[in-house]
Amino acid sequence: MAKKDDEGPIGPTGRPYHGFPTPPKLDSHGPARIIALCNQKGGVGKTTSTINLAAALAGYGRKVLAVDFDPQGALSAGLGIPTHEIPTVYDLLLDLKRDPHEAIVHSAVENLDVIPANIDLSAAEVHLVNEVARESILARVLRKVTPDYDVILIDCQPSLGLLTVNALTASHGVVIPLECEFFALRGVALLIETIDKVRDRLNPSIKLDGVLATMYDPRTLHSREVLERVVEAFGDDVLETVIGRTVKFPDASVSGQPITDYAPEHAAAQAYLRLARELVARGAVA
Ligand SMILES: Nc1ncnc2c1ncn2[C@@H]1O[C@H](COP(=O)(O)OP(=O)(O)OP(=O)(O)O)[C@@H](O)[C@H]1O
Ligand SMILES: [Mg+2]
């Protein structure tokens, strides 16, 4: 972190560094604000961010539901939840009469529940194409559980297809994780266009909650330059919290735990706790 004379420390996005206060305890819970973590580019940190932000918010006493909305089931696996021979989000999408509570699994993290997914979900787009209001099926599923939670996070798959449009239609906000790598901004225009279309036609109140820079390596000029470009493009929509690159994340996933449990003292765990505080400070989460 660089220091400017008299101004205190400057964070990696070029703004003054804020620690953000510990979120106040909530006296009552719900209804949830729904946030989709979305980027059609693969491997940018959507799932890692969903898991660890969810765990961090749960640690601050928020009731959190994480929805695995990727047929790869990486979110479920990353939280150590088996995905076979149990109801998944796919079953809820296909039968709106089903009570979504049936598919909710309590994770090992207090206050953190999950609706899992598995490869079945890859067939959902085909099944939903002929449905009435096919873009708002997930919204209708989640409506029944919204009163029980403070925040619902949706881990999107890397595509802009019907499932992702369902996630955006169901959401109040979007967080876009961007890897601090050369082609980070490629395709983001198309993503923003998709969000704009969803706002126009399906979900007028959806907002961009923030752009989250991930896998940032302050030692490389490259990483710093990419972050600079991201800030040029998105200004204050870039979250001040930046997630550093570290092998602790793959390690934590293998052990089926969020980083806040796997290595609570590590800078990476602290980064997701700070992200949780920043989103509360920005009003994106109660
Ligand atoms: N900050 C980080 N530092 C190092 N590795 C990371 C970091 N964040 C994520 N990873 C690793 O990078 C890979 C991709 O991350 P992740 O699965 O979260 O991305 P994704 O956007 O969900 O991918 P997909 O598009 O395939 O769903 C994983 O192996 C993960 O462990
Ligand atoms: Mg993923």
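The values are calculated or read from the model by the stated rules, or taken from the named source; none is laboratory data. All values derive from a computational prediction rather than experimental measurement. Note that we place each Cβ from the backbone using ideal geometry, even for glycine, and neighbour counts take in every protein chain shown. All accessible areas refer to the heavy atoms of the entire protein, side chains included, with ligands and DNA or RNA removed. Shrake-Rupley method; radii C 1.70, N 1.55, O 1.52, S 1.80 Å.
Annotations
- Spin-label model, R15 to D27: label points 7 Å out along the Cα-to-beta-carbon direction sit 3.0 nm apart.
- Length added when fully stretched, D261-D99, from 0.36 nm per residue minus Cα-Cα: 55.2 nm
- Considering only beta bridges that DSSP places wholly inside the chain, some 20 percent are antiparallel.
- When the trypsin sites (Lys or Arg not before Pro) in region 162-271 are filtered for DSSP coil states and for at most 14 other beta-carbon atoms within 10 Å of their beta-carbon, the remaining sites are R186, R219.
- Counting only Cβ charges, +1 for Lys and Arg and -1 for Asp and Glu, the dipole size of region 33-282 around its Cα centre is about 400 debye.
- Whole-angstrom gap from region 227-286 to region 66-107, using each part's C-alpha centre: 24 Å
- Neighbours of L37, meaning other residues whose beta-carbon lies under 10 angstrom from its beta-carbon, give a summed charge of -1 when Lys and Arg score +1 and Asp and Glu score -1.
- Shape of region 33-282, Cα gyration tensor, a/c cut at 1.5: oblate
- Database remark: amide H of L178 closer than 5 angstrom to the amide H of L212, A213, T214 (H placed geometrically; neighbours at sequence offset of 5 or more, or on other chains; Pro and chain starts carry no H).
- Distances between placed amide hydrogens fall under 5 Å for V238 paired with V211, all partners being 5 or more residues away or on another chain.
- Carbon and sulfur %, accessible surface of the chain computed with the full protein complex present, 1.4 Å: 53 percent
- Estimated from the Cβ-Cβ distance and a Förster radius of 41 angstrom, the FRET efficiency linking R134 and L221 is about 0.35.
- Residue-wise HN-Hα couplings along region 259-265, as the Karplus relation 6.51 cos²θ - 1.76 cosθ + 1.60 with θ = phi - 60° gives them from phi, are 4, 5, 9, 6, 8, x, 8 Hz; Gly and Pro carry x.
- Over the chain, relative contact order from alpha-carbon pairs under 8 Å, at least 6 apart, %: 26 percent
- Checking every one of the GluC sites (Glu not before Pro) in region 219-286 against DSSP loop status and a limit of 16 other Cβ atoms within 10 Å picks out E265.
- Whole-number percent relative contact order across region 164-286, with pairs defined as alpha carbons under 8 Å at least 6 apart: 23 percent
- The chain: angle of helix 188-201 to the longest principal axis, Cα-based, in degrees nearest 10: 50 degrees
- Per residue, the accessible area of the chain comes to 45 Å² when a 1.4 Å probe rolls over the protein heavy atoms.
- Net charge over other residues, Cβ less than 11 angstrom from the Cβ of A58 (K, R count +1; D, E count -1): -2
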